[in-house]
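The values are calculated or read from the model by the stated rules, or taken from the named source; none is laboratory data. Quick caveat: nothing in here was measured; it's all calculated off a predicted structure. Counting neighbours? That spans all protein chains shown, and the Cβs are built from the backbone with ideal geometry, glycine included.
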There are 2 protein chains.
Amino acid sequence: MDFIRPDTAAVFSGSPLDRADEKRADADWIRGKIREKTTRFIAYCGLRPLMRRDPPYAIAYLSFGDIAADIEGGAVWVFLGLKKGRAYFAISLPAADPEHPPLHKAGEFQDVRAIAIQAAGLGKGTEAAMIGQGKSLLDWNTRRKFCSVCGAECEMARAGYLRRCTNGTCAAEHFPRTDPVVIMLALHEGRCLIGRQPKFIEDVYSALAGFMEPGESIEEAVRRELLEEAGIPVGRVSYVESQPWPFPSSLMIGCIAEALSDKIKLDENELEHAFWVEKAAIRDVLGGDRERHGFKLPPKMAIANRLLTAWAFSD
Amino acid sequence: MDFIRPDTAAVFSGSPLDRADEKRADADWIRGKIREKTTRFIAYCGLRPLMRRDPPYAIAYLSFGDIAADIEGGAVWVFLGLKKGRAYFAISLPAADPEHPPLHKAGEFQDVRAIAIQAAGLGKGTEAAMIGQGKSLLDWNTRRKFCSVCGAECEMARAGYLRRCTNGTCAAEHFPRTDPVVIMLALHEGRCLIGRQPKFIEDVYSALAGFMEPGESIEEAVRRELLEEAGIPVGRVSYVESQPWPFPSSLMIGCIAEALSDKIKLDENELEHAFWVEKAAIRDVLGGDRERHGFKLPPKMAIANRLLTAWAFSD
């Protein structure tokens, strides 16, 4: 199967940070870095990061002085990593106080999808990767206040990469989730399968996708999802590339799948419509010409767009 | 990079079951299936499945009559799937009562690793896949008694694939975890890198591996782990295959990585020793000749064995 692999990093990957895993357990080192003058904080409110007004789509970093009171007050924070000796953290602030002078001056809290759409358009993925890492980890820490084993409170450890049950007889350790999702382009005699979920924006179609389950390989999950959702039996499955997806914390695993039949049988709980489409039509729509074909495709930030582009422009 | 991909399914994959996702939410259908005469139950005690004494390494299926009292008593169970109309479930029984007649007659509770080692040796992966699916899902349900968001109790839904918070104002939904792990063979000028963790059995070496984190792609995780653990910078990363790994619920993502240097700098918290080794030595050790080289490799059930085999027997 001819297929040109994308040669740029997907949005939300390509972080410039060294995660410095070996430092996370060193509470003194972390405490020191938090208070260091050069350290930068990405502030979030409702998981929306604080972005500058000018230039657009640049993170409005805060320094320790700006958020010292929030840290004292127990705000959730995580260590993101190091770049040239400088430490980066993410911190979750309470509902935005418009009078909070550093925030007001620095910028505004923005939607991560909107930022990523713009970053992909500009070919600027690296800040989106840091924003995504922070969003996933803050979300996980916030939603993991209690131990799922015994119900007691958990406390944060390892700079946000571990939550430990405070009940001494339980003491369960909980690690951040990363949820693998398969997303695949089924191919059959020069055409590919696209479908739309009822929740999609009007006229938008995409590659089929689904969460992986315990007890299956990537290839099995691809086969199961295509059979479940569209009734399509699949032969060979090939991995193409992957992308971290911070909604809230998925790993998109992009594949192509050789369809053994083009007879679609929809699972109408999952998909509203699906159809086979030629390369030329995908190229038209990716190029902006939606009128002629009556469907839209996902934006460049999405791995589905990258799979479709790679396929439609290969021989 | 020449590389022969394995052409058999990895142990713990290749399940013969249709997971029948669309049936899980139909509580009446599930309740009916549980009580059906032909339905089979894999019983676990302490996450060890009940296996027959003869033939060895075959599941000792129970029927509803055998475990009706346990289901009445609130034992944790999950739906595994369908095969030719017959339903399969997994059920967790309390500490084995040696007087429990159906269990005593049927077989004994065995260790999943031991079963898988044997299954790989016999080329019988399909029952191991069902055993693994059941183990991962029972473990997850058992360790997810309480809601991590608010601390209230959760109740099982969707036949074991969803746990819902019973606190009406929270009502958080929790889905099973699948933890992606990268495991990679670093290659450099005809040699591959193997290392050992302190916890490994004496003399055993394997491919390096590590849990993925939120905010990174598969390729980035491979690069990070090799740099962190062995100081090896990496160029191209190629995906080979994946394997579900029910300890407790990982997805092993097997890759090969082009090392840009062979200069090892160990992270001694992670690895005790690592070294570069030629194909011929790997072939010897895989063939059973450990004496000459002084190291052992993981058993056939492990994806590391499959990566090493594929590499060592390619040109």
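Observations on the model:
- Of all residues in region A:1-48 being within 14 Å of chain B (Cβ to nearest Cβ) and over 25 Å from the mean Cα position of the chain (by Cα), the one that is farthest from B:PHE211 (Cα to Cα): A:ASP26
Here is a yes/no grid of residues against (1) part of a loop (DSSP other than H, G, I, E, B); (2) on the phi > 0 side of the Ramachandran plot; (3) not aliphatic (A, V, I, L, M):
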position: A:ALA10; (1), (2), (3): yes, no, no
position: A:GLU22; (1), (2), (3): no, no, yes
position: A:ASP28; (1), (2), (3): no, no, yes
position: A:GLU36; (1), (2), (3): yes, no, yes
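- Some residue of region A:217-225 being more than 11 Å from every other protein chain (Cβ to nearest Cβ), among the small types (Gly, Ala, Ser) and in contact (Cβ under 8 Å) with a residue 12 or more places away in the chain: no
- Only strands (runs of 3 or more DSSP E) whose full extent lies in region B:212-315 are considered here, and the ones with at least 3 residues that are touching a Gly at 6+ places or on another chain (Cβ under 8 Å) and surrounded by fewer than 20 Cβ atoms within 10 Å (Cβ to Cβ) are B:273-278.
- The number of residues in region A:140-164 being more than 18 Å from A:TRP77 (Cα to Cα) and surrounded by fewer than 22 Cβ atoms within 10 Å (Cβ to Cβ) comes to 4.
- Exactly one residue out of B:ALA120, B:ALA87 is surrounded by 14 or more Cβ atoms within 10 Å (Cβ to Cβ), within 21 Å of B:LEU162 (Cα to Cα) and of a type in the set (A, V, I, L, M): that is B:ALA87.
- Close pairs (6 angstrom Cβ cut-off, 6 or more residues apart or separate chains): more than 9 Å from chain B (Cβ to nearest Cβ) and free of Cβ contacts under 8 Å to residues at least 60 places away in the same chain in region A:228-243, hydroxyl-bearing (Ser, Thr, Tyr) and not in a helix (DSSP H, G or I) anywhere: A:PRO233/A:SER261
- Considering residues of region A:13-62 that are closer than 22 Å to B:ARG224 by Cα, of a type outside the set (Gly, Ala, Ser) and touching a Leu at 6+ places or on another chain (Cβ under 7 Å) only, the residue surrounded by the most Cβ atoms within 10 Å (Cβ to Cβ): A:LEU17
- Some residue of region A:140-159 being acidic (Asp, Glu), modelled with pLDDT of 95 or more, closer than 25 Å to B:CYS154 by Cβ and assigned to a helix (DSSP H, G or I): no
- Close pairs from region B:128-156: first of a type in the set (Gly, Ala, Ser), partner assigned to a helix (DSSP H, G or I), Cβ under 6 Å, at least 6 apart: B:ALA128/B:ALA116; B:ALA128/B:ALA119
- Qualifying residue in region A:184-207 (condition: closer than 17 Å to A:HIS273 by Cβ, of a type in the set (D, E, K, R), in a loop (DSSP other than H, G, I, E, B) and more than 21 Å from the chain's Cα centre (by Cα)): yes
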